[in-house]
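Worksheet for the structure shown next.
The values are calculated or read from the model by the stated rules, or taken from the named source; none is laboratory data. Predicted model only: the values in this text are computed from it and were never measured. Note that we place each Cβ from the backbone using ideal geometry, even for glycine, and neighbour counts take in every protein chain shown. All accessible areas refer to the heavy atoms of the entire protein, side chains included, with ligands and DNA or RNA removed. Shrake-Rupley method; radii C 1.70, N 1.55, O 1.52, S 1.80 Å.
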Amino acid sequence: MQSRIGAGVVAGLVAGIVFGLMMQFSSGKTPEGMEVSGMLMVAKVVRSNSLAVGWLYHLFNSAAIGGLFGLLLGAKLLSVAAGVLWGALYGVFWWILGGLILMPVLLGMPAFAALRDPMMRPQAWG
């Protein structure tokens, strides 16, 4: 079981770096209406304006989410197809919970704010 969790953490960090780069080069609106990089919005979740804090918090979450994937679903990954299927479902779950519900709420916006605001939709779908 520990090897599945460790593999999940490593996979989560790799995916977190890729997704973090996408967020770094995209922009979104803060509750105050300022346009900032997606990674700076992550920093604002923990009440910081530091890009480094945003990256650290993002990678911490990536490792935790990846480790949780290994713990909960690692035993179901008996083939590449199963890995792709469970990984995609797990990713959609975290996109909805993390990106569309928790992050906006922690920033003082309503859940699903990114889908409601036409200016934020491209970032939400990205």
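Could you tell me whether Gly83 is more than 14 Å from the chain's Cα centre (by Cα) and surrounded by 13 or more Cβ atoms within 10 Å (Cβ to Cβ)? Working first, answer last.
Numbers: more than 14 Å from the chain's Cα centre (by Cα): yes; surrounded by 13 or more Cβ atoms within 10 Å (Cβ to Cβ): yes.
For Gly83, the condition - more than 14 Å from the chain's Cα centre (by Cα) and surrounded by 13 or more Cβ atoms within 10 Å (Cβ to Cβ) - is met.
Could you look through the range 34-56, keep only residues that are open to solvent by 50 Å² or more (accessible area, probe 1.4 Å) and over 15 Å from Met103 (Cα atoms), and pick out the one that is farthest from the chain's Cα centre (by Cα)?
In the first step, residues of the range 34-56 are kept if they are open to solvent by 50 Å² or more (accessible area, probe 1.4 Å); the result is 34-35, 46-47, 49, 51-53, 55-56.
Remaining after also requiring over 15 Å from Met103 (Cα atoms): 34-35, 49, 51-53, 56.
Values: Met34: 21, Glu35: 19, Asn49: 18, Leu51: 16, Ala52: 16, Val53: 15, Leu56: 13 Å.
This residue is Met34.
Given the residues Gly20, Gly66, Gly6, which is the only one that is surrounded by fewer than 16 Cβ atoms within 10 Å (Cβ to Cβ) and at pLDDT 90 or above?
Details: Gly20 fails: surrounded by fewer than 16 Cβ atoms within 10 Å (Cβ to Cβ); Gly66 fails: surrounded by fewer than 16 Cβ atoms within 10 Å (Cβ to Cβ).
Exactly one residue qualifies, and that residue is Gly6.
From the list Phe19, Phe60, exactly one residue is of a type in the set (Phe, Trp, Tyr) and more than 21 Å from Leu115 (Cβ to Cβ). Which is it?
Being of a type in the set (Phe, Trp, Tyr) and more than 21 Å from Leu115 (Cβ to Cβ) holds for just one of Phe19, Phe60, which is Phe60.
Select from the range 61-100 the residues that are under 26 Å from Ala43 (Cα atoms) and touching a Phe, Trp or Tyr at 6+ places or on another chain (Cβ under 7 Å) and list them in ascending order.
Across the range 61-100, the qualifying residues are Ile65, Phe69, Tyr90, Leu100.
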